[in-house]
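This report concerns only the one structure given below.
The values are calculated or read from the model by the stated rules, or taken from the named source; none is laboratory data. It should be emphasised that the depicted structure is a prediction, and the values quoted were computed from it without experimental measurement. Every residue, glycine among them, receives a Cβ derived from its backbone with ideal geometry; neighbour counts consider all protein chains shown.
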Amino acid sequence: MNKSISEKEAWEIIRPVCRELYELVNEGNIQFASGTYNDGDGTYKVNLKCSRIHLASRGFKDNIGDIEYKQGNIRIGLRANGVPANLFVELI
C-alpha cells in the first residue's frame, strides 16, 4: 500500500545526496510535486520539478544507482542515509 509523504519528509530523504538542497529550493530551482512511500517494498518515490539539481553520493550510506532520461524527465534511483528512493524529475 502506498502512503503519501509530505514535502518535509521528501527533503529529509533527498538532503544527504543533495547538499545544496535548501539553497536550490529557496532560489526556486527545485519544487516538490508529490511523494509516496510503498509499504510493500520499503521504497520512496519523490516527484520533483527542477530547473537545476546537483546530486552527489559522498557518505557510506549514500549512493546514486541508475539514471534514466526520457524527453524532459529523469528518473534517479538512489539510497540516501540508507533509505531507498526513486526521484522522478520533470525538467522545467
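Exactly one residue among ARG58, ARG75, ARG52 is charged (D, E, K, R), in contact with a Phe, Trp or Tyr (Cβ under 9 Å, 6 or more places away or on another chain) and surrounded by fewer than 15 Cβ atoms within 10 Å (Cβ to Cβ), and that residue is ARG75.
Suppose we keep only residues that are small (Gly, Ala, Ser) and either more than 13 Å from ALA10 (Cβ to Cβ) or part of a loop (DSSP other than H, G, I, E, B) (or both) within the stretch 22-63. Which one would you say is farthest from the chain's Cα centre (by Cα)? Filtering first and then ranking leaves GLY40. So, in the stretch 1-21, of the ones that are hydrophobic (A, V, I, L, M, F, W, C) and assigned to a helix (DSSP H, G or I), which residue ends up farthest from the chain's Cα centre (by Cα)? Among those residues, the one meeting the criterion is LEU21. The condition of being polar (S, T, N, Q) and surrounded by 15 or more Cβ atoms within 10 Å (Cβ to Cβ) holds for only one of ASN2, ASN38, ASN29, that being ASN29.
Scanning the stretch 16-29 for residues that are of a type outside the set (A, V, I, L, M, F, W, C) and either touching an Asp or Glu at 6+ places or on another chain (Cβ under 7 Å) or closer than 13 Å to TYR44 by Cβ (or both) yields a single hit, PRO16. ASP62 passes every criterion in (1) modelled with pLDDT of 95 or more; (2) over 23 Å from ILE92 (Cα atoms); (3) of a type in the set (Asp, Glu) apart from (1).
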